[in-house]
1. Limited to region 12-42, what total is found for residues that are assigned to a strand (DSSP E or B), free of Cβ contacts under 8 Å to residues at least 24 places away in the same chain and within 13 Å of Tyr59 (Cα to Cα)?
2. Please go through region 94-117 and pick out each residue that is exposed (fewer than 10 other Cβ atoms within 10 Å of the Cβ) and at pLDDT below 95.
3. Within region 55-70, is even one residue closer than 21 Å to Pro43 by Cα, surrounded by fewer than 11 Cβ atoms within 10 Å (Cβ to Cβ) and either modelled with pLDDT of 75 or more or of a type in the set (Gly, Ala, Ser) (or both)?
4. When the residues of region 39-52 are filtered to those that are touching a Lys or Arg at 6+ places or on another chain (Cβ under 9 Å) and not acidic (Asp, Glu), which remaining residue is farthest from Ala100 (Cα to Cα)?
5. Mind listing just one residue for me: the one in region 1-38 that is crowded, with 16+ Cβ neighbours inside 10 Å and hydroxyl-bearing (Ser, Thr, Tyr) and, of those, nearest to the chain's Cα centre (by Cα)?
6. Could you tell me whether region 118-128 includes any residue that is loosely packed, with under 15 Cβ neighbours inside 10 Å, of a type in the set (Gly, Ala, Ser) and not in a loop (DSSP other than H, G, I, E, B)?
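The values are calculated or read from the model by the stated rules, or taken from the named source; none is laboratory data. Here the structure is a predicted model, which means the values were calculated and not measured. Here the Cβ positions follow ideal geometry from the backbone for every residue, glycine too, while neighbour counts run over all protein chains shown.
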Amino acid sequence: MHFVGRELKSYGEFVKAADLVVGQVYFRVSFVDDDTVVPELVPLVFVGRNLDAEDAGLYFQDIDSFLAGDRYDAAEWRSSESDATATPPPLARECRFDVAPEREYSSVFEYEKALDQLLACSLRRKVWDGRLRPLKVPPGE
């Protein structure tokens, strides 16, 4: 098996928010360490924009619940405003919806661009000393 080489950019190429397609799978790539050598790759399905008036933005659903057939319904996932003590009906499985602010670029990658991030990580790992350094979080965050 042979993988054709490619030139990697020094930055991530996120999908433009205007180009997101409902029902498409995208990928969030993040790193758990300061040296960016321990990646997390999370598949997410884009399910729409501004699905809840109280929480505007780009809506992404976890892949497991999406493949199981669960879909977003604001009334089902939140208590009603008229009865703050109302409890939403129990779900057969846990669903997770990430809402990102709508800006020019989303916070997700198409598969090939996510792969570029992992390939760049692989190159960094070749010179990595093997010590884990947790992410430095600025005070107040």
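1. Number satisfying all stated conditions: 0.
2. Initial filter on region 94-117 (exposed (fewer than 10 other Cβ atoms within 10 Å of the Cβ)): 94, 104.
Glu94 - this is the single residue of region 94-117 that is exposed (fewer than 10 other Cβ atoms within 10 Å of the Cβ) and at pLDDT below 95.
3. The answer is yes; a qualifying residue exists.
4. Step by step, filter region 39-52, then rank; the result is Leu41.
5. Ranking the candidates gives Tyr26 first.
6. Yes, there is a match, as at least one residue in region 118-128 is loosely packed, with under 15 Cβ neighbours inside 10 Å, of a type in the set (Gly, Ala, Ser) and not in a loop (DSSP other than H, G, I, E, B).
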